[in-house]
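Read the structure below first, then the notes.
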Amino acid sequence: MPQYARPDSDVSSGSWSPSTGSTLYECIDEETPSDADYIESDTDEDECEVGLSTVTDPESSSNHTVRWRWQSTGSSPPTETCSVYLYEGATLRATCALERDVDRGGFAAESYTLSSGEADAITDYTALRLWFEADTLGSAEEMQVSWAEMEIPNAPSVGGVSNLMLLGVG
């Protein structure tokens, strides 16, 4: 069974704001994707960073996937950027998305699977963060992110008991 690291803290907010409440992470931390609440920015080249919940090192370099839902409001420019970066503490581990054509029909699901080299570079699964950057916003444009998570393989078993069970999680 895979592990899921979901937003659990605000690291930095930039000019991003929550649609409800007072924290960014609570608007994008659901188990099941929901567009009912979101974080948003109307500032070009604006960045925010959220911490991810703790997961156990899977001792595997496969199936590390970052997922998120985003949209842009307004009408121009035709192509905008919602860049997502995976950090381990202050160290960049993966650039998950670059420029995308904007679908203004609602929130779109995106995902990025880390290469084995990117996954192998992670040494501390308790220090993972997602950094969102809104780019190429025109006037009266907003970038919105409604959900995010990182899926990681299950931790290996030790003597028939998984590491998660040893931690009291499983």
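Here are some notes:
- Remark: region 118-130, residue by residue, has Karplus-estimated 3J(HN,Hα) of 5, 5, 5, 6, 6, 10, 10, 6, 8, 10, 7, 9, 10 Hz, where x stands for each Gly or Pro and the curve is 6.51 cos²θ - 1.76 cosθ + 1.60 at θ = phi - 60°.
- Peptides 144-156, 42-54, 106-118 ranked from most to least packed give 144-156, 42-54, 106-118, packing being the mean of other C-beta atoms within 10 angstrom over each peptide's residues.
- Here the simple spin-label model places points 7 Å from the Cα toward Cβ, and for ALA121 and SER9 these points are separated by 2.3 nm.
- Nearest-0.05 FRET efficiency for SER61 and SER111, computed from C-beta distance (R0 25 Å): 0.90
- Distant-in-sequence amide H partners of GLN3 (H built 1.01 Å from N, under 5 Å): ILE152, ASN154
- Additional length obtainable on full extension of the chain from SER34 to THR20, 0.36 nm per residue less Cα span: 3.7 nm
- Cut-off 13 Å between beta-carbons: net charge of the residues surrounding TYR4, Lys and Arg +1, Asp and Glu -1: -4
- Inter-label distance, nm, simple model (7 Å from Cα along the C-beta direction), ALA90/THR43: 2.2
Readers should treat all values here as calculations from the given coordinates under stated rules, not as data from a laboratory. Note that this is a predicted model, so its numbers are computed, not measured. Cβ coordinates were reconstructed from backbone atoms using ideal geometry, including for glycine residues, and neighbour counts include every protein chain displayed.
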